[in-house]
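Everything on this sheet refers to the single structure shown next.
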Amino acid sequence: MKIVLQHVTKRDWLFLAISFIFIISQIWLDLKIPEFMSEITRLIQTPGSELQPVLTSGFYMLLCALGSMAAAIFTGFFIAKIAVGVSMRLRASIFDKTLDFSTAELNKFSTASLITRCTNDVTQIQTLVAMGLQTFIKAPILAVWAITKISSSASAWTITTAITVVLIVIILASAIAVVYPKTIRLQKLTDQLNRIAREHLMGLRVIRAYNAENFQAENFEEANSELTNTNLAINRTMAFLTPVLTSVSSGLSLAIYAVGAFLIQDAVGPDKLNLFSDMIVMSSYAMQVVFSFIMLVFTFIMLPRAVVSLRRITEVLTTPLSIPNGTKTVGTESGTIEFDNVSFSYPDAEEAVLENISFSAKKGETVAFIGATGAGKTTLLQMIPRFYDATTGSVRVDGVDVKEYDVHALRNRMSYITQKSILFSGTITDNIAYGDNGQGEITAEAIKKAAEISQASDFIAQKEGQYDAHVAQGGSNFSGGQKQRLSIARAVARDPQIYLFDDSFSALDYKTDKVLRHALRDAAKDATLLIVAQRIGTIRNADKIIVLDDGKAVGIGTHSQLLADCPVYREIAQSQLSEEELV
């Protein structure tokens, strides 16, 4: 609840205060109606009564009903404003929090779960606030006010109403005790269904290629059926409440009239008429009490799921960041990178991914990394922009430990090209000029130059609209090689001090790879390049090549030095190059 209150603004509190006034007005008007009913009943039963007083009381009843309706409309309007505002700020907070998450936090929650928490869970909170806020205010006040009026009459009616209220509370508590555990399960099943649906859509080509449609359909059907059955169990329990409470309400009316009959039978003279009139009023008040609890029922139907959703949202927003932000924005050097005896282990892992890695890269140098799959090349590269922090040792950029940097200032020094090319929906220009480089707006000239260097200008020229050509979500309307070249163009357009290429040339043919690297070497001659690659041809001209094997640096040197001194590198080279090409 604390998280929700943190997202309530001063304007929301003002709207709540206004809503409270309208709710009180509505309750007062609703409870005035039985009094006019009593007056009309008394006038009708009194011999010689004139029509005018009856019409006057009826007119006041109509005014009360219309006033109550107007108050309800205004209350709903202001409560809706509060609900929508809170949910908007909750979604924004979750989104902003995930932007600060490192890979460790993202792996902890999973993408599917974070999407569900940002959408479905926030919607549950919004629905509860929109429908429940006025109920939680109105129902207790209405019940207490009505019971107070009942208690001012015969004690038998008060006892009857009190017994009914206790019975309703017991029924509600029992229903919630049954539903709450299933609600916790329901949110987890929603995450699971979301995950399966995303996997199906993202892996549709692989599913078709391996004729695995039936397998995927069975997985989805199993998750869907489990979610459906859990939902049915919850809804059946809650559906049981409405007829039960309706029966209790009808029983209360019957009890009030039964008690009234006994009281009227024993009364004499004018007391009979007064008791009859009171019975009509007490019946209306009793119905108001029951109605207030029925309103709470509809809120309690949503409450268990909303509580679980709130707990899941709170879990995201209160998760401590494993990558705390530093304060430094400038370094003591320019374009330098140094690993000093760095080791890294994933959380809860038994073995280290990297052990005792030490090397340095100076401004203008090209340092390459090669090794078998799982050797730790990508992890090493991701420690430079602080996607992970070293377990031991230190990583320094421009002479400053990366842990001391403001993360935005650190990442503005570099361009990181991921192993899997990522494009965003929009235009080619939007994708190349993507993000904030800390140097101002990226010009159209810089975008075109970056595309030329990355060898993307040729296929861009063939697109309709050229640099304004549409890019579908995930870049699905581009080939793997085109996406990779656009990703490299995005990195070049930032004009960084440091380039981090994580196997970013793998989708290119050898000719394009060679031409691109030659153009990049000329354009980025004053920048430091770190390249992870699987192909010897991509890195053989690097100033320094670091060979990783099982998380350890087993060789550091140039291509010729490693061929002579490093068996692991020699084995990789011999598997890719002929004897003539090795020299």
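Could you work out [θ]222 nm for the chain from helices alone, using -39500 (n - 2.57) per DSSP H run of at least four and dividing by all its residues? Round to the nearest 500 deg cm²/dmol. Let's see the in-between values first.
Details: 21 runs with 374 residues, N = 583.
About -21500 deg cm²/dmol.
Note down the relative contact order for the range 2-317 as a percent, whole number, built from C-alpha pairs under 8 angstrom at least six residues apart.
Relative CO of the range 2-317 lands at 29 percent.
Quick one: of K420/K552; K362/K544; K328/K377; K463/K514, which pairs are farther than 22 Å apart, Cα to Cα?
Over 22 Å Cα-Cα: K420/K552; K328/K377; K463/K514.
How high is the relative contact order of the range 422-495, given as a whole-number percent (alpha carbon pairs under 8 Å, six or more residues apart)? Before the final figure, lay out the partial values.
Details: 92 pairs, mean separation 39.9, N = 74.
Here the relative contact order equals 54 percent.
When the Cα centres of the range 364-437 and the range 448-527 are compared, how far apart do they sit, in Å?
Between the Cα centres of the range 364-437 and the range 448-527 lies a distance of 17 Å.
Net charge around L508, counting only other residues with Cβ within less than 12 Å of its Cβ (Lys, Arg = +1; Asp, Glu = -1)?
+3
Please determine, in degrees from 0 to 90 and to the nearest 10, the orientation of helix 51-100 with respect to the longest principal axis defined by the Cα atoms of the chain, where the helix direction is its Cα long axis.
The angle comes out near 20 degrees.
Would you mind ranking L548, L51 so that the residue whose beta carbon has the fewest other beta carbons within 10 Å leads the list? The partial results should precede the final answer.
Values: L548 23, L51 8.
Ranked by crowding around the Cβ, least crowded first: L51, L548.
Across the range 104-116, in residue order, what do the Karplus-derived ³J(HN,Hα) couplings come to in whole Hz, using 6.51 cos²θ - 1.76 cosθ + 1.60 with θ = phi - 60° and x for Gly and Pro?
4, 5, 5, 5, 5, 8, 6, 4, 4, 5, 5, 5, 5
Counting only DSSP beta bridges with both residues in the chain, tell me the antiparallel percent, nearest 5.
Details: 19 of 38 bridges.
Of the beta bridges lying entirely in the chain, close to 50 percent run antiparallel.
Can you list the HN-Hα couplings for the range 3-20, worked out from phi with the Karplus curve (6.51, -1.76, 1.60; θ = phi - 60°), rounded to whole Hz and with x for Gly and Pro?
Here the 3J(HN,Hα) series is 4, 5, 4, 5, 9, 9, 8, 4, 5, 5, 5, 5, 4, 5, 5, 5, 4, 4 Hz.
Residue-wise, which Karplus ³J(HN,Hα) couplings in Hz belong to the range 402-407, taking 6.51 cos²θ - 1.76 cosθ + 1.60, θ = phi - 60°, and x for glycine or proline?
These are the phi-based 3J(HN,Hα) values: 4, 5, 8, 7, 5, 4 Hz.
In degrees between 0 and 90, to the nearest 10, how far off the longest principal axis of the chain does helix 122-151 point, with axes built from Cα atoms?
Tilt of helix 122-151: around 20 degrees.
Helix 270-317 sits at what angle to the longest principal axis of the chain, using alpha carbons and giving 0 to 90 degrees rounded to 10?
It is inclined by approximately 10 degrees.
Just subtract the alpha-carbon distance of E351 and L317 from 0.36 nm times their residue separation and send over the number in nm, one decimal. Walk me through the numbers on the way to the answer.
Numbers: separation 34, 0.36 × 34 = 12.24 nm, distance 3.03 nm.
9.2 nm is the gain from fully extending E351 to L317.
Hey, can you grab everything whose amide H is under 5 Å from the amide H of D503? Only 5+ residues off in sequence or another chain; H modelled, so Pro and N-termini drop out.
V532, A533
Taking amide H atoms as placed 1.01 Å from N in the peptide plane, list the residues 5 or more away in sequence, or in a different chain, whose amide H sits under 5 Å from that of L354.
F344
Straight-line reach from K138: which lysines have Cα under 30 Å away, leaving out those fewer than 8 places along the same chain?
K2, K10, K32, K81, K149, K182
Counting other beta carbons within 10 Å of each residue's own, what order do W13, W28, W157, W145 fall into, fewest first?
By the 10 Å Cβ count, ascending, the order reads W13, W28, W145, W157.
What is the extension gain from A258 to N219, computed as 0.36 nm multiplied by their sequence separation minus the C-alpha to C-alpha distance, in nm to one decimal?
8.2 nm
Fewest to most neighbouring Cβ within 10 Å: what's the order for Y434, Y210?
Y210, Y434
Counting pairs of alpha carbon atoms under 8 Å apart in space and at least six apart in sequence, what relative contact order in percent does the chain give? Working shown, then result.
Values: 813 pairs, mean separation 78.5, N = 583.
Over the chain, the number comes to 13 percent.
How long is the gain from D495 to K363 if the chain were fully straight, where each residue apart is worth 0.36 nm and the alpha carbon distance is subtracted?
46.1 nm
Give me the distance in nm between label points sitting 7 Å out from Cα along the Cα-to-Cβ direction at V84 and S476, one decimal.
3.1
Can you give me the long-range amide H partners of D549? Hydrogens built in the peptide plane at 1.01 Å from N, cutoff under 5 Å, separation of 5 or more residues or another chain.
The list, which skips near neighbours in sequence, is V554.
Quick one: if you stick a label point 7 Å off each Cα along the C-beta vector at M69 and D406, how many nm between them?
So the two model labels end up 5.9 nm from each other.
Excluding E226 itself, calculate the net charge of residues whose Cβ lies under 13 Å from the Cβ of E226, where each Lys or Arg counts +1 and each Asp or Glu counts -1.
Result for the neighbourhood of E226: -1.
Taken together, the values in this text are just the output of simple stated rules run on the coordinates, not laboratory data. Because the structure is a prediction, the values reported are computed rather than measured. Virtual Cβ from ideal backbone geometry, glycine too; neighbours counted across all protein chains shown.
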